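Heads up: the structure comes next, in structure tokens.
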Amino acid sequence: MSEVEIAGKLTFARGLMKILVVEDEKKVASFIKRGLEAEQYEVQTASDGEEGLKLALEKPFHLIVLDWMLPKRDGLSILKDLRGKKIITPVLMLTAKDSVEDIVAGLDSGSDDYLTKPFAFNELLARVRALLRRSEQDRGAEISFADLRLDPVSHQVWRKDKELDLTAKEYGLLEYFMRNPNQVVTRTMIAEHCWDYTFDSFTNIIDVYVNYLRKKVDREADKKLIHTVRGVGYIFKEEE
């Protein structure tokens, strides 16, 4: 285990919540920092992508708030570097981009949630709390269903003996399915639990990611686990 990982575990044990905010707009960064510190979080800021990546690699954080458009290194390249180095710290992406394609690009790069500018601080705070709660839940026992295994600590998943290569969002979606097997889950339920969104226009993103996940989990398997319930949502169960 690396020194950063050990330090991270000690930080969690002490109950401190450290948040890194990578944002080049000084007013926005100051607004976020003051608001989060008022909620008793410990906040460190970086004003460009290179500085943000350096801090994220050197220090343990419970959460990273990351702007998409940054000088020196953009948010997507930072995300890809972090995930490539197996750093699974939750990341909340901030951006003015709001198309389906942009959201998918951000999530595919490894972000855990997505907030478009401008935003109200209360909405940011709700997203932060949700991601931190989810991060706490991740440190649990291995989950199994049929021939599928999921490790919430390492974020590794296996179908039989084959490890599946999942993005952060695909992993989160699969974990939700595995924690709620044999019951119908609607697109709204998935959006609320996996993305913390409630608005209907986001549900087409759900379908995109279910299709991604299905290809990786079920394509080469004898028994399919992810099933569509027409007009309602999905159910995770073994084929009869």
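If the chain linking Val229 and Glu192 were pulled fully straight, counting 0.36 nm for each residue of separation and taking away their Cα-Cα distance, it would gain 11.5 nm.
How would you rank 65-73, 115-123, 27-35, highest first, on the average number of other Cβ atoms within 10 Å across their residues? Numbers along the way, then the final one.
Working: 65-73: 20.6, 115-123: 12.4, 27-35: 15.4.
Taking the mean over residues of other Cβ atoms within 10 Å, the ranking is 65-73, 27-35, 115-123.
Within the same chain, lysines fewer than 8 places from Lys72 are excluded, and of the rest, those with a Cα less than 29 Å from its Cα are Lys18, Lys26, Lys27, Lys33, Lys54, Lys59, Lys80, Lys85, Lys86, Lys97, Lys117, Lys169.
Put simply, when 226-237, 205-216 are sorted by average Cβ atoms within 10 angstrom per residue, most first, you get 205-216, 226-237. Within the straight-line cut-off of under 20 Å between alpha carbons, the aspartates and glutamates reachable from Lys224 are Asp147, Asp161, Glu163, Asp165, Glu170, Glu175, Asp207, Glu238, Glu239, Glu240, sequence neighbours fewer than 8 places apart in one chain being disregarded.
Straight-distance candidates among the lysines for linking to Lys223, with alpha-carbon spacing under 19 Å and chain neighbours fewer than 8 residues away dropped: Lys160, Lys162, Lys215, Lys237.
Would you please put 53-61, 164-172 in order of how densely packed they are, using the mean number of other Cβ atoms within 10 angstrom per residue and starting with the highest? Let's see the in-between values first.
On the way: 53-61: 17.0, 164-172: 19.4.
Averaged packing, sorted descending, gives the order 164-172, 53-61.
Each helix, a run of at least 4 DSSP H residues, gives -39500 (n - 2.57); summed and divided by the residues of the chain, these come to -13000 deg cm²/dmol at 222 nm.
FYI, it's all coordinate maths here, none of it is from the lab. Small disclaimer: the values here were computed from a predicted structure and weren't measured. In this analysis, Cβ positions are derived from the backbone assuming ideal geometry, glycine residues included, and neighbour counts consider all displayed protein chains.
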